[in-house]
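Chemist: Before anything else, here's the structure in question.
The values are calculated or read from the model by the stated rules, or taken from the named source; none is laboratory data. Here the structure is a predicted model, which means the values were calculated and not measured. Just the protein is used for accessible areas: all its heavy atoms, side chains included, with ligands, DNA and RNA removed. Shrake-Rupley method; radii C 1.70, N 1.55, O 1.52, S 1.80 Å.
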Amino acid sequence: MPVLSPISSRTWTDERIELLKRHFEAGLSCSEIAADIGVSRNAVIGKLSRLNLTRGRTVEDRAFAPPRAPRAVPRLQYEMLATIYGETDAPAVAGPIDETNRCSLLELAENRCRWPISTPGEDDFCFCGNTAPDGQPYCAGHSRLAYRPHTRARAMRG
C-alpha cells in the first residue's frame, strides 16, 4: 500500500482555496461552500478565519435583526431572592446567626439549615441547623451570605 505524503493528502489545495474565495465573494453560506468543495462546514469556517475573510455585519443588517430578549431570572430564584431581600431596594442586613442549633449530618432534617461549619473531616465539623424557611436549604442569615444579588445591582443600591 503506498504511503501518502503530507503534501498530497492536504485538504486545502490551491484550487480549493481559490474556489473557497470565489464562493465566499459570491455570498454563499459556509454550508453551501462546504458541500460544493467537499469538506466540512467547520473546515470552511476555520479556513475563512485563517484567511481573515469575514462578513461584517452592516448597519442595515443590525437594523433588521430581531432584538435580543432580556435574560429572564428564573421564577424560583426571583422568589427566593425576594423572600431573602424583600421587595425594597434597601440593602438587607444579616442578623446574628444562632449557634445553639448546630447538628451533624445524621441530624439534618428538611427544614434545617445545611450551611457547613468548619472543614469536612475535622472533629468540629457540623451544620448550622437553624430553621430554614419554606424548604430553602439555608436559614435567613446564611441565605444572605449564599444568595447575593448581581454585582451591578448591588453597586446601584449603594
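Chemist: Does CYS139 satisfy the criteria of being open to solvent by less than 70 Å² (accessible area, probe 1.4 Å) and modelled with pLDDT of 90 or more?
Modeler: no
Chemist: Out of the residues in segment 41-55 meeting the condition of being open to solvent by less than 60 Å² (accessible area, probe 1.4 Å) and under 30 Å from the mean Cα position of the chain (by Cα), tell me which one is farthest from THR13 (Cα to Cα).
Modeler: In this case the residue turns out to be LEU53.
Chemist: Failed condition for TYR78, given (1) within 25 Å of the chain's Cα centre (by Cα); (2) at pLDDT 90 or above; (3) open to solvent by 80 Å² or more (accessible area, probe 1.4 Å), with all others met?
Modeler: It fails just one condition, (2).
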